[in-house]
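The values are calculated or read from the model by the stated rules, or taken from the named source; none is laboratory data. What you see is a predicted model; the values in this text were computed from it and never measured. Ideal geometry is used to build each Cβ from the backbone, glycine not excepted, and the neighbour counts take in all protein chains shown.
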Amino acid sequence: EMKLKVMCLVMVSLFPATASFARAAMTVNQALVRIGTLAVPCVTKEGFKLIPYAPSTILDDVNTVDFSKLWGFGISTTIEDPKVVYAKPDPNLEYARSLSPESKAEYQKVIARCINQAMKGNPGDPAVILLSSLLQQEQRPKLTKAQRDDLRKCITSLGYGRYGTKEEIAGLFFTRSEDTIGYPPPVRWSNGVISVSRSSRKSPALTDETKAALKQIKADERSAALGVFSCEQKL
């Protein structure tokens, strides 16, 4: 699939980040659209088309302090408005499918090359700084055993009993939310991967009592997510 996000996160070169990803002035979605816009003239010159695209889902900013403040882990906080975690279709897919196999292969190379050029040619652009910082985070070496132990100790100290990882605490809020509303929330964390489920059935309306309980879960989830984020930043 010709997804601009994948191209940006996998195929571009790394640049020294001059601003913290967690404090970036724009969202990842805004940055993806910006990079796509910068790449359009190059793609057009090569004889292809590109529509700047971003999934437009809040989960692209999940590893930021602002996300933690607003959405926690994105579990209980998205129950009443699941659309915020549903990615919109990539408008470039239909165009890519219309190409011959040879042209599609060339199109992929052109997209990668033009995005790379756009990033290299605009190292001070806020979008480039943000995505470069994200790439550096994605490609960081795995934590050592000592770091993992320190992280678990820090997370355990937050007061959630034996739970000592982000996934475990996120799972706690998934279960707590499911028990409260009577059906699974749209977002689930598992082994470092966030999955989003779309129910084909309309969710039942929440009672006032359930909404009140959910409000407290949301507050607790935001607090827990901020605590975990703080622990991660200490590494």
Region 24-56: number of residues that are of a type outside the set (Val, Ile, Thr), over 18 Å from the mean Cα position of the chain (by Cα) and crowded, with 18+ Cβ neighbours inside 10 Å: 5
Flagged in region 170-197 as farther than 12 Å from residue 75 by Cα, at pLDDT below 90 and either surrounded by 10 or more Cβ atoms within 10 Å (Cβ to Cβ) or touching an Asp or Glu at 6+ places or on another chain (Cβ under 8 Å) (or both), in numbering order, are 190, 191, 192
Test result for residue 84, modelled with pLDDT of 80 or more, more than 14 Å from the chain's Cα centre (by Cα) and of a type outside the set (Gly, Ala, Ser): no
Residue satisfying all of: in region 198-231; touching a helix residue (DSSP H, G or I) at 6+ places or on another chain (Cβ under 9 Å) and at pLDDT below 90; surrounded by the most Cβ atoms within 10 Å (Cβ to Cβ) among these: 203
Quick test for you: out of 159, 124, pick the one residue that is exposed (fewer than 14 other Cβ atoms within 10 Å of the Cβ), small (Gly, Ala, Ser), modelled with pLDDT of 85 or more and closer than 30 Å to residue 31 by Cβ. 124
Residue identified as more than 21 Å from the chain's Cα centre (by Cα), touching a residue at least 60 places away in the same chain (Cβ under 8 Å) and under 13 Å from residue 72 (Cβ atoms) among 214, 206: 214
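Do the conditions hold for residue 104, that is, is it surrounded by 14 or more Cβ atoms within 10 Å (Cβ to Cβ), assigned to a helix (DSSP H, G or I) and of a type in the set (Lys, Arg)? Explain how you work it out, then say what you get.
Working: surrounded by 14 or more Cβ atoms within 10 Å (Cβ to Cβ): yes; assigned to a helix (DSSP H, G or I): yes; of a type in the set (Lys, Arg): yes.
It is true that residue 104 is surrounded by 14 or more Cβ atoms within 10 Å (Cβ to Cβ), assigned to a helix (DSSP H, G or I) and of a type in the set (Lys, Arg).
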Restricting to region 73-86, what's the tally of residues that are surrounded by fewer than 18 Cβ atoms within 10 Å (Cβ to Cβ) and either touching a Gly at 6+ places or on another chain (Cβ under 9 Å) or free of Cβ contacts under 8 Å to residues at least 40 places away in the same chain (or both)? 3
Could you list, in sequence order, the residues of region 43-58 that are assigned to a helix (DSSP H, G or I) and farther than 13 Å from residue 30 by Cα? 43, 44, 45
What are the pairs, 6+ residues apart or on separate chains, where a residue within region 170-182 that is within 16 Å of residue 211 (Cβ to Cβ) and of a type in the set (Lys, Arg) has its Cβ under 7 Å from a residue that is at pLDDT 95 or above and crowded, with 18+ Cβ neighbours inside 10 Å? 176/217
I'd like to know if region 207-219 contains one or more residues that are over 20 Å from residue 62 (Cα atoms), part of a helix (DSSP H, G or I) and among the polar types (S, T, N, Q). yes
Just name the residue that is nearest to the chain's Cα centre (by Cα) out of those in region 171-203 that are outside any strand (DSSP E or B) and of a type in the set (Gly, Ala, Ser). 192
